[in-house]
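A.B. asks: Would you mind keeping the following structure in view while I ask a few things?
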Protein chains: 2
Amino acid sequence: MYRNFRFNVVASLEKARCGVLETPRGKIKTPAFIFCGTKASVKGISPRQLRENETQIILANTYHLFSYPGADYIKERGGLHKFMGWESPMLTDSGGFQIFSLGHGSVANEIKGKRSGTATLLKIDEQGALFKSYWDGGMQWLTPEKSIEIQRNLGADLIVSLDECTPYHSDKKYTEQSMERSHRWEKRSLDQFTMKNDFSQALYGIVQGGVHSDLRKRSAEFVSENPFFATAIGGTLGSTKEQMYEVVEMATDGLDASRPIHLLGIGGVADILKGVRLGIDTFDCVHPTRIARHGGALVKKQYRDAEKREHINLKRSRYAADDDPIELDCDCYACKNFSKAYLHYLLKANELLALSATTIHNIRFMNKLMEEIREGIFHKNLESVVKKWR
Amino acid sequence: MYRNFRFNVVASLEKARCGVLETPRGKIKTPAFIFCGTKASVKGISPRQLRENETQIILANTYHLFSYPGADYIKERGGLHKFMGWESPMLTDSGGFQIFSLGHGSVANEIKGKRSGTATLLKIDEQGALFKSYWDGGMQWLTPEKSIEIQRNLGADLIVSLDECTPYHSDKKYTEQSMERSHRWEKRSLDQFTMKNDFSQALYGIVQGGVHSDLRKRSAEFVSENPFFATAIGGTLGSTKEQMYEVVEMATDGLDASRPIHLLGIGGVADILKGVRLGIDTFDCVHPTRIARHGGALVKKQYRDAEKREHINLKRSRYAADDDPIELDCDCYACKNFSKAYLHYLLKANELLALSATTIHNIRFMNKLMEEIREGIFHKNLESVVKKWR
């Protein structure tokens, strides 16, 4: 069923593991970070710059691309890889997250559509979800079958089943009912996928169940019992860091360990280090590229200027005369060529180069972090990686 | 006086000429185009991408950098080259153009300051010009001596004397008086330059005189008789293309042909081709990089979609399903990797990559144009270059 895809664990350290995820467009060494190219472009950086900075895989958002320019249009252009000039592995999500999270009102800022603001969830039933497009205000149904067909047209290597993403404030009863409907949707996703499987794509199942360990357990069992290629951990992860780690632990516990495990929407350094030690293989988040566009540069512990932040804000006046690069030991183009003073100045002067240079640094930072994590697992000294990066 | 600078004409074809302009930071093959890095960054592109696309020289604007972040600040950072990571040749202007053109109200759109709008010229007298900064509203004098000192602190290789840039609507009497004052200012610029000449910079004189041939002649004589390294043609060039070519012809006629000649603010393809045939060695203009940020891609004749435009507008719906690159025969990164359809989509979706990709193309386009012009002069077939590019 997934004859062109393979996942092999090559080293492990307690629950943490190093693996190789093979796709028709290349191998991904895990643990790996997946950068968000929401609207068929990773903001502020070109495909070539992504590759030069060791990026293995990116994702694009089905919801955005479905709204504009449309999946048929992208298929006519030869698919997403060709359209955007990215020939390495790619993942698309199901489109559910944007619709449900916006519908539920929890992360309305997630989408900054240029026309009519944000999507609105109008209705959700057994069939799927009816919503109003952020792009043109048109009404659209998203069903499990449609999500698969859209993702087939987009042509990413790794695709994801449709689920309902329940927010933290849902009660247990709603979470349970929603989880069960998500399971039925995931089965329908799998059926639709299998029916026209041409072996160019592999399908992820999603674990739901909110913050409830019994639900997470049942959902993990459901996903493991069905022939998904890989597993993504979805839904709310709670309201605090501690709860997040607990929920990830419950969610990973019953999973089929031979499959890759993706943790959706997590991109902080400490969270990734924790996630890896709970058995997560891949992560994605807009965080590294989004903060770059606001002057936020990710830095290792020794370069930080505030206790709780994993990045420095280059707009701060303390950097106005700082002639050092963002990180003295970083080998990215920005650190090899520009000082914090120059980047600070460019931000103040509203110059585009500030955004692209900081984006390049953050991409290199994340890929270097993941590389050192892999080495740490391989050489059984993950603790020194944690000490340096966290 | 200019021991580290040299200009040699290596081939010529009627008035057109190929030369080599040597500076301490490298040689510039002429005719050459100088890209505008107004605020210490060429918008939408990195120094590395500039070099990869054969850029020989850029310029930065004294007026902007003097307003913010300040010339002393840039000197403390090691000078403009080091600050912005550009180690190749650079030119700074005198700062006069922005102040006078804005003061006279002719090109107020030229400056889009982020804070308090545009500069205001408050007073102009023998001493210099008093203006209100676009950046913080502060009152500042710009004098010939101050312009030289600012440019010394910025540290560009090629620097320019202060003149008053008179607009087209000035009458002949004002133009003549202003020209004479400009000559006095240029002499003061030269004195200030010579006093502390450390041989790291070379000074341009400027020809004024508006659209009046007798004044242009006198101004050309003035500049030629004084020990400037090179000559820039300033002031109004008239109100039509025909008049522009006439004025450039008058302005170049009496010039010392052993010096490089720069035509200020001209960047259209046809204008450059004409300018070269009138003996111009270097050109500068924001045009190629500015139109790129609005979806304008420069194209050779065969790729145009409108009679009078030297670029295509990628926002037009006719490009929505055009899977060809901007130019099929262009070797730039954008043309090798992206279709017009993708760039059209990125522009519609407000994605930054649209701006940087189109900027890369336009930079490559201009540098390739200049390269073929040089070959055309060398091989005595400039006409075929005109036929292809104009």
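FYI, it's all coordinate maths here, none of it is from the lab. Since the structure is predicted, the reported quantities are computational estimates derived from the model, not experimental observations. Please note: Cβ atoms are built from the backbone with ideal geometry, for glycine as well, and neighbour counts cover all protein chains shown.
A.B. asks: Let me know the Kirkwood hydrodynamic radius for chain B, please, with Cα pairs as the basis and the value in Å to one decimal.
C.D. replies: On the way: mean 1/r = 0.0470 Å⁻¹.
By the Kirkwood definition, the hydrodynamic radius is 21.3 Å.
A.B. asks: Where in the range B:26-54 does the label zone of B:ASN4 land, with the point 7 angstrom along Cα→C-beta and an amide N cut-off under 14 Å?
C.D. replies: B:26-27
A.B. asks: Then there is this: Say each of B:LYS172 and B:ASP125 gets a label point 7 Å from the Cα, pointing the same way as Cα to Cβ; how far apart are those two points in nm?
C.D. replies: My value for the distance between the label points is 3.0 nm.
A.B. asks: In what sequence do B:SER239, B:SER67 fall when counting other Cβ within 10 Å, fewest first?
C.D. replies: Details: B:SER239 11, B:SER67 23.
Going from sparsest to densest Cβ surroundings: B:SER239, B:SER67.
A.B. asks: Separation of the range A:191-205 and the range A:139-159 by C-alpha centroid, Å?
C.D. replies: 11 Å
A.B. asks: Would you please give the residues with an amide H less than 5 Å from that of A:ILE233, counting only those at least 5 places away or on a separate chain, with H modeled from the backbone geometry?
C.D. replies: The answer is A:VAL207, A:HIS262, A:LEU263, A:LEU264.
A.B. asks: How much of the DSSP bridge set in the protein assembly as shown is antiparallel, in percent, rounded to the nearest 5? Intermediate values should be presented prior to the final figure.
C.D. replies: Details: 46 of 90 bridges.
Bridges in the protein assembly as shown are about 50 percent antiparallel.
A.B. asks: In which sequence would B:SER88, B:SER161 go, from the one with the fewest C-beta neighbours within 10 Å to the one with the most? Working shown, then result.
C.D. replies: Numbers: B:SER88 18, B:SER161 30.
Ranking B:SER88, B:SER161 by Cβ neighbours within 10 Å, fewest first, gives B:SER88, B:SER161.
A.B. asks: Just need the relative contact order of chain B here, percent rounded to a whole number, with Cα pairs under 8 Å and 6+ apart. Working shown, then result.
C.D. replies: On the way: 796 pairs, mean separation 64.6, N = 390.
So the answer I get is 17 percent.
A.B. asks: Can you work out the Karplus-derived ³J(HN,Hα) for every residue in the range A:44-53? Use 6.51 cos²θ - 1.76 cosθ + 1.60 with θ = phi - 60°, whole Hz, and x for glycine or proline.
C.D. replies: Once rounded to whole Hz, the list reads x, 8, 9, x, 4, 5, 4, 5, 4, 9.
A.B. asks: What does the convex hull of the Cα atoms come to per residue for the range B:294-390, in Å³?
C.D. replies: Values: hull volume 8.2 nm³, N = 97.
So the per-residue hull volume is 85 Å³.
A.B. asks: Just to confirm my numbers, what's the Cα centroid distance between the range B:48-106 and the range A:63-81 in Å?
C.D. replies: Their Cα centres are 42 Å away from one another.
A.B. asks: Taking a label point 7 Å out from Cα toward Cβ, give me the nm distances from B:THR240 to the same spot in the other copies, shortest first, one decimal.
C.D. replies: Copy-to-copy label distances at B:THR240, shortest first: 8.0 nm.
A.B. asks: What is the set of long-range amide H partners of B:ILE28 at a cut-off below 5 Å, with H atoms built 1.01 Å from backbone N?
C.D. replies: Result for B:ILE28 returns B:LEU21, B:GLU22, B:THR23.
A.B. asks: Now a separate question. Nearest 5 is fine: what % of DSSP beta bridges in chain B come out antiparallel, could you say? Provide the component values of the computation, followed by the final result.
C.D. replies: Numbers: 23 of 45 bridges.
Percent antiparallel among DSSP bridges in chain B is about 50.
A.B. asks: So, one more: As a footprinting exposure proxy, order A:VAL9, A:VAL223 by other Cβ within 10 Å, with the fewest listed first. Write out the running numbers ahead of the final one.
C.D. replies: Working: A:VAL9 14, A:VAL223 26.
By the 10 Å Cβ count, ascending: A:VAL9, A:VAL223.
A.B. asks: Something else now. Hey, what do the phi angles of the range A:27-35 turn into as Karplus ³J(HN,Hα) couplings, whole Hz, using 6.51/-1.76/1.60 and θ = phi - 60°, x for Gly and Pro?
C.D. replies: Each residue's phi maps through the Karplus curve to give 9, 10, 7, 10, x, 9, 9, 9, 7 Hz.
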